[in-house]
1. Any idea how far the Cα center of the range 736-769 sits from the one of the range 151-167, in Å?
2. By how many nm would the segment from Lys347 to Lys688 lengthen if fully extended, with 0.36 nm per residue of separation less the alpha-carbon distance?
3. Report the FRET efficiency, 1/(1 + (r/R0)^6), for Lys544 and Thr585, where r is their Cβ-Cβ distance and R0 is 41 Å, rounded to 0.05.
4. Kindly sort Lys575, Lys128 by accessible area of their heavy atoms, largest first, with the probe set to 1.4 Å.
5. For Leu740, tell me the accessible area in Å² from a 1.4 Å probe, rounded to the nearest 10.
6. Let me spell out the model: positive unit charges on the Cβ of Lys and Arg, negative unit charges on the Cβ of Asp and Glu, origin at the Cα centre of the range 544-656. What dipole size does that give, in debye rounded to 20?
7. The range 404-500: percent of C-alpha pairs farther apart than 17 Å?
8. When only the heavy atoms of the protein chains count and the probe is 1.4 Å, how do Trp401, Trp744, Trp286 rank by accessible area, highest first?
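The values are calculated or read from the model by the stated rules, or taken from the named source; none is laboratory data. Quantities reported herein were computed from a predicted structural model and do not represent experimental measurements. For neighbour counting, all protein chains shown are included, and Cβ atoms are generated from backbone atoms with ideal geometry for every residue, glycine included. These area figures cover heavy atoms from the full protein model, side chains too; ligands, DNA and RNA do not enter into them. Shrake-Rupley method; radii C 1.70, N 1.55, O 1.52, S 1.80 Å.
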Amino acid sequence: MTVHEDSRPDPESLLRVMRKNGGGTHRAALKVYFGMAAGVGKTHAMLSAAHRELALGNDVVAGYIETHGRADIERLAAGVVSVPRRKTIYRGVTIEEMDLDALLARRPGIALVDELAHTNAPDSRHPKRYQDVLELLDAGITVYTTLNVQHLESRAGTVGEITGVTVTETLPDSVLERADEVVLIDISPEALIARLAEGKVYAGERAKLAAENFFETGNLNALREMALRFTADKVDQSLQDYRQAKKIADPWKTGERLLVAVSASPYSESLIRWTRRTAYSLGASWIAVNVETSVPLSRRDGERLQKNIALARELGAEIVVTRDEDITGGILRIARQRNITQIVAGKPGKPSWRDVFRMRTPIKRLIRESGGIDLYIIRAQEERDFSRGREPVPARGEINWRHYAIAGGVLAGVVSLNYLALPLIGARSVALILLLSVLVLALVLDRVPVFIYAALSALLWNFLFLPPVFTFYITEIDDAIMFFMYFIIAVIVGSLTSRIRTQEKAAVQREEHLNVLYTITRKFASSPTVDEAALHILSYINMKFNAETVLYVKNEDGALSDTPHPASSPAPDEKEHGVALFSFTNGRTAGRFTDTLPLSAYMFIPLFLDREHVAGVMGIRFPEDTLVSIEQRTLLETLAGHLAMALEREFFTRESQRAQIHEESEKLYRVLMNSLTHEIRTPLTAIKGSISTMTDPAVGANPEMRARLLEETGEAAERLIRLVDSLLDMSRIESGKLALNADWNDVQDIIGVAIGRLEPQLGGRDLAVDCPDDLPLVRVDLALVALALYSLAHNAVVHTPPGTAIGISAARLERGVAVTVEDRGAGLAPADTGRLFEKFYRGGTGTAHGGLGLGLSICRGIVELHGGTVSAGNGDAGGARFVITLPVETREKGEQPVHEG
């Protein structure tokens, strides 16, 4: 619902125009090449535009272009200067990303950045590429970029439902709304499928997989419609901004837009339904406008107005509420602001005696002042109240008799005092005093009592003060002129003063409304979690409306939670939860003050993430005698929108984390499969080669060669066994099924077991052991700790050249022992230190040394199972140093163990 509070131009439109124009200063532009799917030609169109800019002498640089191996794209990209990509290694895989710093340092006039929704590598400055683009725009660099419709956050869920493919890379719609120009690249689904078959979109298996899933004719037609609709909405908004900036009042009939006025009248319902039917037949959009005045509504009128607005909203209208004492003027103002082409108005009923005094009825004013806007004047059908057997009569606002009593009392007092002072001040001074009293009362009383006061004061002045007194007869021409001038001035001044007071009240209410929104927005912006945002908003509603509030949020499975949010007031009963569930399921406001389940004690408002998805519902329980006004309902819907934004922010955060985890899992899977394939194939190839060679009769006759081949086969088999053991050990550690078989062991024995396993792999490296004899016995699992120590020592062997010295030393701690493994190799890179113990992570040169990257992870799991720690760093003399700390139970050698029981 939109609220317009004065007759000035729409400030939101002016602000959008100012932002696009940079407030009169030079502003970098964002140009987006937009399409329904990959392969429609967005990158080709962007590069073609870049070549045209180059021909004009503009400075164009490619920050990132994704060619996907297409020859035409590579040919066009070759003609544009590009910034070298930044390379990073993630989990052993080299990833190329746009070098944002290099592009900022280069400062081209235009930067080409492909794939706006791309997720950057984890070590990048921004997690998303669109954030890189925003930084380029802030630096004054114009950006050309590309985007598919499925990557818009508001469309991603719908695309997933249509295609069955989960879209993991998304960006907020606000990024595209910021674009200065959106270029739609459109081809037919059949042409796109043909391009896919020709290998012009994807290559190999990827093209086949895409053709069987995403690139189906039905899916592409749906995506094409979404892209076309989004672009049309963007063009329509740009048109409205242009008209607003140029102050163009008459409508541009580029498309039909209907407006119907909604009031508390019983005739409004039929007008709303007629407008809906007409808009549907024309394929047009329509809005329902309510013009609020200072005249208060009775309870019955307020309920009918709520019902009419709810009907318009349910039938698909955009609701606009504006404040204006001139109802006809307010309707025309909104019509011109929104480029309305047709206004729907009700045909006047039976003539009224009031029409005699009306120079221009509302219908006549619409006809005279509507300009180029077409009018539909229809006969509105009234709703009959059959239960009472008569036609409904619009209820009038409740009369404030207190104001009439005050006006009467003041009039009596002022006239009495002036009558007593008449010999001293004269009749004309009395007129000034009475006129002053009219002004004073206009500041505190309603308009009608002031009008009556002004009329009666003029008559009493004539009757009591002008000669001849006690008659309404005036003998002097100047007295007659004075009387009529007094009457006119009193009425006009009283009316104007009352109107000013009404506008002041509206301004105060407007300021209070804005202060509320500002306070809530500020607290909302500073609330990092949904819990804090919900607490701020629900607490404010409780205080403002003296109400009880409840918030239900949907679960991970998409269903509405049975348990209210902790910030809620006392939880409602099961019946009220059913009303909340109806509101959530149908996306409609339900409960009290609505036509849906109106006997409910709560009014439940759905929290929309977008037009189709609801994140939860907010319920408000008002006191029994409360009537919610349109402005209050608008405020509640605004607050509900803030809550929905908080839920959306949390949802996006979760989805981003899931997408990142999914992407990391996919990369990890590829790395693991590549490593596993390599690690298995290498020993199998050696075994197969040895067996094939031994079948040669010449080799069989050579015992020395047979022995060497058998030795190589044994080494290959041992490598396979180590690989399988590593996978099994890691699996047992992660599953928690690895049990400790702790017993008293000598540290020298543990080191000896590890060395015995390591010796065949030393390859000419010097191994030095420093283990004091006075070390105590430790209560550990000998086999597992030896395996952990072997993993560290084997890691040193793998990452150092032959001839390098490797040392193993042990030392006593205050509780337990510490074992250190160090080498004299190249040492650890700073980037590797914090990640060495991650699964499948291979630091340094990655795949050059082979292995799955599980050894150090297994070591950490075993040590932590004993309650210890393992750390990595570089030694003082260079090389890597690993320290195992085991804070375990110890016993001096020769000391008898203490047995329990």
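1. Between the Cα centres of the range 736-769 and the range 151-167 lies a distance of 54 Å.
2. 113.2 nm
3. Working: r = 28 Å, r/R0 = 0.69.
Calculated transfer efficiency: 0.90.
4. Largest accessible area first, the list is Lys575, Lys128.
5. Surface accessible to solvent at Leu740 totals approximately 70 Å².
6. The calculation lands at about 200 debye.
7. I get 46 percent for the Cα pairs in the range 404-500 exceeding 17 Å.
8. Numbers: Trp401 170, Trp744 50, Trp286 20 Å².
Sorted descending by solvent-accessible area, the residues read Trp401, Trp744, Trp286.
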